[in-house]
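Reviewing the structure listed below.
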Amino acid sequence: SNFSTVITTRAYASVQGMSVEEAKRKAAFAAVDNHVRKNQIVGVGSGSTIVHAVDRLKERNAQEDLNIRCVPTSFQARQLILDAGLVLSDLEREAQVDITIDGCDESDDNLTLIKGGGGCLTQEKIVAAFSKEFVVIADYRKNSSALGQQWKYVPIEVVPFAWKQVKQKIESELGGEAKLRMAKAKAGPVVTDNSNFLLDWYWGGEGDKDWDQVNSRIVMIPGVLETGLFVNMAQKAYFG
């Protein structure tokens with residue numbers, strides 16, 4: 001699964017002054033058009049870029065009668081699927097997903113991703129892991145040669161009971177700072193769809209890291225549910 005492809009759908013987008021929203025739309029449409037076939041089980045990611053992917057799924061479904069079933073990765077994704085009039089399914093009904101399309105906060109040259117800026121990393125990782133194909137869509141800002149060039153932290157979902165111990169363990173073993181993510185429109189911390197907290201680990205810059213090893217070390221800490229590091233998972237990335 002180390003074979004990876006990066007496809008840029010823009011021809012000098014920055015020169016043309018293409019908006020970020022247009023870039024997201026281009027990437028989303030290209031991925032849906034190139035990868036979604038009739039009668040498939042489709043994993044639907046979370047975040048702003050996915051809105052455009054669902055728009056395209058809705059369009060194509062109206063034109064072609066795709067007969068797809070959609071597996072969401074969050075409350076937000078579930079609402080998008082329902083609002084688009086697509087068929088909603090779940091992992092209990094589908095043993096395996098054919099294709100998952102999702103966004104990212106940053107991708108490096110090996111398609112190692114940081115995800116979880118929107119707080120949905122655990123369900124996103126589960127659906128992607130049980131998919132035959134996992135394709136990433138994002139705007140041009142997310143395309144880096146190394147993680148940390150544009151995105152500065154790794155989101156980590158933690159059981160609330162243990163957040164302080166996990167924070168201390170990460171900082172003492174791996175350095176940097178792990179900050180409890182605070183909510184904007186609620187007093188106190190962000191609460192995920194799984195009723196957990198998020199630690200945003202600012203590891204302190206780029207530097208060559210063995211992200212596979214870092215991910216394993218963090219996941220092994222009792223109290224950690226998942227990390228936003230997606231290593232050797234994506235086969236393709238479309239950057240608008």
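The values are calculated or read from the model by the stated rules, or taken from the named source; none is laboratory data. Owing to the predicted nature of the structure, the values given are computational and were not obtained by experimental measurement. A quick note on method: Cβ atoms are made from the backbone with ideal geometry, for glycine too, and the neighbour counts reach across all protein chains shown. Note: areas computed on protein heavy atoms with side chains; ligands, DNA, RNA excluded. Shrake-Rupley method; radii C 1.70, N 1.55, O 1.52, S 1.80 Å.
Some notes on this structure:
- The condition (being in contact with a strand residue (DSSP E or B) (Cβ under 7 Å, 6 or more places away or on another chain) and open to solvent by 70 Å² or more (accessible area, probe 1.4 Å)) is satisfied by just one residue among Lys186, Lys179, Lys169: Lys179.
- If you go through the range 166-188 and keep only what is under 17 Å from Leu121 (Cα atoms) and either in contact (Cβ under 8 Å) with a residue 12 or more places away in the chain or more than 21 Å from the chain's Cα centre (by Cα) (or both), you end up with Ala178, Lys179, Leu180, Arg181.
- Criterion applied to Lys164, Lys209 was being of a type in the set (Lys, Arg), modelled with pLDDT under 95 and either under 14 Å from Leu147 (Cβ atoms) or out of contact with any helix residue (DSSP H, G or I) (no Cβ under 9 Å at 6 or more places or on another chain) (or both), and the one residue passing it is Lys209.
- Odd one out for Gly228, checked against (1) at pLDDT 95 or above; (2) surrounded by fewer than 19 Cβ atoms within 10 Å (Cβ to Cβ); (3) small (Gly, Ala, Ser): (2)
- In summary, strands (runs of 3 or more DSSP E) completely within the range 53-149 and bearing 3 or more residues that are open to solvent by 10 Å² or more (accessible area, probe 1.4 Å) and more than 30 Å from Lys179 (Cβ to Cβ) occur at 131-138.
- In the range 189-200, residue farthest from Ala77 (Cα to Cα) [restricted to those that are open to solvent by 30 Å² or more (accessible area, probe 1.4 Å) and of a type outside the set (Ser, Thr, Tyr)]: Phe197
- Filter pass, Thr5 being touching a Lys or Arg at 6+ places or on another chain (Cβ under 6 Å) and modelled with pLDDT under 95: yes
- All positions within the range 205-224 that are in contact (Cβ under 8 Å) with a residue 12 or more places away in the chain and open to solvent by less than 70 Å² (accessible area, probe 1.4 Å): Gly205, Gly207, Trp211, Val214, Asn215, Ile218, Ile221, Gly223, Val224
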